[in-house]
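Enquirer: Have a look at this one before I ask anything.
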Amino acid sequence: MNEETALAQLSNASRMLAEITTVQGAKSHLEWLKAFEVLAKAAGLSLEQQNVIAENRLRTERLAGRMLREGPKNEGTAGRL
């Protein structure tokens, strides 16, 4: 991965984060970001670029947590017997 490709991917990551509407979408984005972090480090991208990826990962984790907290709860089957 070269720096130009990495910058394009970083731009896409921010756009993708803005489009997440489900917990599953956030989970998929997190998996992609974790792989991108590994590739960025292996490619020798700057620490600043690696930090942008990590920041995006943290924002996605927070979004997923907020979605889980605010979403519908599964009451389970306890007490229904």
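Enquirer: At 222 nm, what helix-only mean residue ellipticity would the chain give, in deg cm²/dmol to the nearest 500, using -39500 (n - 2.57) for each DSSP H run of four or more?
Expert: Helix contribution divided over all residues of the chain: -25500 deg cm²/dmol.
Enquirer: Go through region 1-70 and name the GluC sites (Glu not before Pro) that are in a DSSP coil and have 15 or fewer other Cβ atoms within 10 Å of their Cβ.
Expert: Answer by residue number: Glu19.
Enquirer: Taking all protein chains as present, what is the carbon and sulfur share of the accessible area of the chain, in % to the nearest whole number, probe 1.4 Å?
Expert: C and S atoms contribute 53 percent here.
Enquirer: Which of rounded, prolate, oblate describes region 1-44, given a ≥ b ≥ c as roots of the alpha-carbon gyration tensor eigenvalues and a/c under 1.5 marking rounded, otherwise prolate only if a/b is larger than b/c?
Expert: Oblate shape, in that a/c is at least 1.5 and b/c is the bigger or equal ratio.
Enquirer: Here's another thing I want to ask about it. Have a look at Thr77, Val38, Ala26 and report the one farthest towards the positive end of the charge dipole of the chain, computed about the Cα centre with Cβ charges (Lys/Arg +1, Asp/Glu -1).
Expert: Toward the positive end, the furthest listed residue is Thr77.
Enquirer: Which of these, Ala26, Ala35, Ala13, has the largest mean-square fluctuation under a Gaussian network model of the chain (Cα springs below 10 Å)?
Expert: Ala35
Enquirer: Now a separate question. For the chain, what is the charge dipole size about the Cα centre, in debye to the nearest 20, if Lys and Arg each add +1 at the Cβ and Asp and Glu each add -1 at the Cβ?
Expert: It comes to approximately 460 debye.
The values are calculated or read from the model by the stated rules, or taken from the named source; none is laboratory data. On a predicted model such as this, the values are computed, not experimentally measured, just so you know. Heads up, the Cβs are rebuilt from the backbone with ideal geometry, glycines too, and the neighbour counts pull from every protein chain shown. Please note that ligands, DNA and RNA were not included when accessible areas were found on the heavy atoms of the full protein model with its side chains. Shrake-Rupley method; radii C 1.70, N 1.55, O 1.52, S 1.80 Å.
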